[in-house]
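The values are calculated or read from the model by the stated rules, or taken from the named source; none is laboratory data. No experiment lies behind these values; they were computed from the predicted model shown. With ideal geometry, Cβ positions are generated from the backbone for all residues, glycine too; neighbour counts draw on all protein chains shown.
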Amino acid sequence: MSIFLLSNIYNAFIVTAFYLIIYLLIRFRSDILGEFLIALGFALFITINQKYIYTDSNIFIGSVNLYPLILWSVGLVLLREFYEYIGKKFFLTVVFYILAILFVEYIGYHLLGIRIDGNYPGIFGLDVIHGPPIIHYFYILAGPAYILVTKLFRIK
């Protein structure tokens, strides 16, 4: 029963994220397309280089798990929207990003029971972001790097 429920939670996340992408692309059209393509590139980088295999539910296209691919893509686009909304304040955006990712990871791991297959330590001795070192580095650096890359390419 709990695996079925957890699987439904994963599916709800993926469906919600998918519809959010569609909504954002329709609502903002070309304004957000560049952001999304760069975010998708970041998400592909981590999902190709680190095999995300969750203990309860996975949906793969080839060797890429759709859960992290879609959620990273949407999350990074939303981060860029936050950056724009607060007046392009990079430092504040980075602080928000790190706090948000720690919060989301805490909720996912402790309240929803989302687990990567394997026995990995949390980052900085905290009980969040469990994974090998590439996961730790990516999770901390992805948001700031994404903002800088979209800024470099003058997206939006």
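Identify all residues within the range 116-156 that are within 24 Å of Leu78 (Cα to Cα), in contact with a His (Cβ under 9 Å, 6 or more places away or on another chain) and in a loop (DSSP other than H, G, I, E, B); write none if there are none.
Scanning the range 116-156 gives Val128, Ile129.
Of all residues in the range 81-111, how many are modelled with pLDDT of 95 or more and charged (D, E, K, R)?
2
So, of the residues in the range 46-63 that are assigned to a loop (DSSP other than H, G, I, E, B) and touching a helix residue (DSSP H, G or I) at 6+ places or on another chain (Cβ under 6 Å), which turns out to be surrounded by the most Cβ atoms within 10 Å (Cβ to Cβ)?
Tyr52
Here are Ile86, Ile61: which of them is over 17 Å from the mean Cα position of the chain (by Cα), over 19 Å from Val149 (Cβ atoms) and of a type in the set (Val, Ile, Thr)?
Ile61
Where residues in the range 95-122 are more than 17 Å from Ala145 (Cβ to Cβ) and of a type in the set (A, V, I, L, M), which of them is farthest from the chain's Cα centre (by Cα)?
Leu111
Of a type outside the set (Phe, Trp, Tyr), surrounded by 17 or more Cβ atoms within 10 Å (Cβ to Cβ), farther than 19 Å from Tyr67 by Cα and at pLDDT 90 or above - does that describe any residue in the range 112-129?
yes
So, in the range 1-30, exactly how many residues are farther than 22 Å from Asn65 by Cβ and modelled with pLDDT of 75 or more?
Of the residues in the range 1-30, 1 are farther than 22 Å from Asn65 by Cβ and modelled with pLDDT of 75 or more.
Got a number for residues in the range 130-156 being modelled with pLDDT under 95 and of a type in the set (Gly, Ala, Ser)?
1
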